[in-house]
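Here is the structure we will look at.
Derivation of every value follows stated rules applied to the coordinates shown; laboratory data play no part. The structure displayed is predicted, hence computed values, not measured ones. Glycine also receives a Cβ, built like all others from the backbone with ideal geometry; neighbour counts cover every protein chain displayed.
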Amino acid sequence: MTGTGADTPIPRPSEWDGAAYDRLADPQARWGRAVLDRLVLGGDETVLDAGCGSGRVTEELLGRLPGGRVVALDASASMLEEARRRLAPHGQQVRFLHLDLLELGPSTLGDGYPVDAVLSTATFHWVTDHDRLFANLASVLRPGGQLVAQCGGEGNIRGVLAVLRSLDVERAGTWLYASCDETATRLEDAGFVDVDVWANPEPTRFDDPELLTDFLSTVILREHLATMPPEERRPFVERVVAAMEEPVVDYVRLNMVAKRGA
């Protein structure tokens, strides 16, 4: 999910492989559970999962909403296909929305507007216009509604990017690893209050080289590999893995908790 400005067409990155992501994204699911724990729920709310991916965290969110419902939004059709499969037992309790977050607004939610809370994990760093993103989220939240989110922040995968540069490669793609201060300012400018933003390192180790190769291919280097001939992709990622001093992805997570102002 990307964008460069309110009047600029939103470029579409290469499509995700939802099935592969569902199999590989244990780190994202683990972080997502911690983010979900920060969401204060009574059990009857309507919650927007902004970037639901394959639905692993959404499934746990639904478990906390016995009388509520979830709008599961993602810009990837492949991710939503996996989420529909996983969440099928929840029936009408979950509504799926194939939409870019930079196109989100009250009219796109229909009778799901306004929502009581927005949850998001491992998504916002793929959106390059955070001013517009936060304004859109505020527009669909009821006054006092919660925003609880986490994404890649300043310094995220710096070591992995350095390995690429050691191979004379600049990672292709679109992302924004924002700082705590600029994120807090953007949230406040969008009308959020009680804003709390912090970052924490999450170094993630992969002792199986094949698993690390698959993970880099599916998640971190997905957009970069889309620029390469198919036969060159796997050998390239294997070169990256071989060049890493340790099989560790140096993740930095940017956390945010806020409420929409009156």
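GNM on the chain, alpha-carbon springs under 10 angstrom: the most fluctuating residue among L61, L161, L187 is L161. Overall, the chain carries a charge dipole of about 520 debye about its Cα centre when +1 sits on the Cβ of Lys and Arg and -1 on the Cβ of Asp and Glu, all other atoms neutral. Legend: ranking of residues M244, M79, M228 from fewest to most surrounding C-beta atoms inside 10 Å; resulting order M228, M244, M79. Over all orientations, the stretch 100-142 has a Cα convex hull whose mean projected area works out to 2.9 square nanometres. For the pair the stretch 31-48 and the stretch 145-174, the centres of their Cα atoms are 26 angstrom apart. If the chain linking Q92 and A262 were pulled fully straight, counting 0.36 nm for each residue of separation and taking away their Cα-Cα distance, it would gain 58.2 nm.
Using the rule -39500 (n - 2.57) for each DSSP H run of four or more residues, divided by the residues of the chain, the 222 nm mean residue ellipticity is -10000 deg cm²/dmol. Within the listed set C151, C180, C52, the Gaussian network model of the chain (springs between alpha-carbon atoms below 10 Å) gives the highest mean-square fluctuation for C180. In the stretch 104-262, what % of DSSP beta bridges are antiparallel (nearest 5)? Once the DSSP bridges in the stretch 104-262 are tallied, antiparallel ones form about 75 percent. The label point for R234 and the one for E188, both projected 7 Å from the Cα toward the Cβ, are 5.2 nm apart. Highest mobility in the GNM of the chain, judged by mean-square fluctuation with C-alpha springs under 10 Å and restricted to V169, V148, V160, is found for V169.
Look at the dipole of the chain built from charges on Cβ: of L212, A184, A50, the Cα furthest out on the positive end belongs to A50. If you take the alpha carbon atoms of the chain and fit the smallest convex hull around them, that volume is 122 Å³ per residue. Projected over every direction and averaged, the convex hull enclosing the alpha-carbon atoms of the stretch 58-136 yields 5.4 nm².
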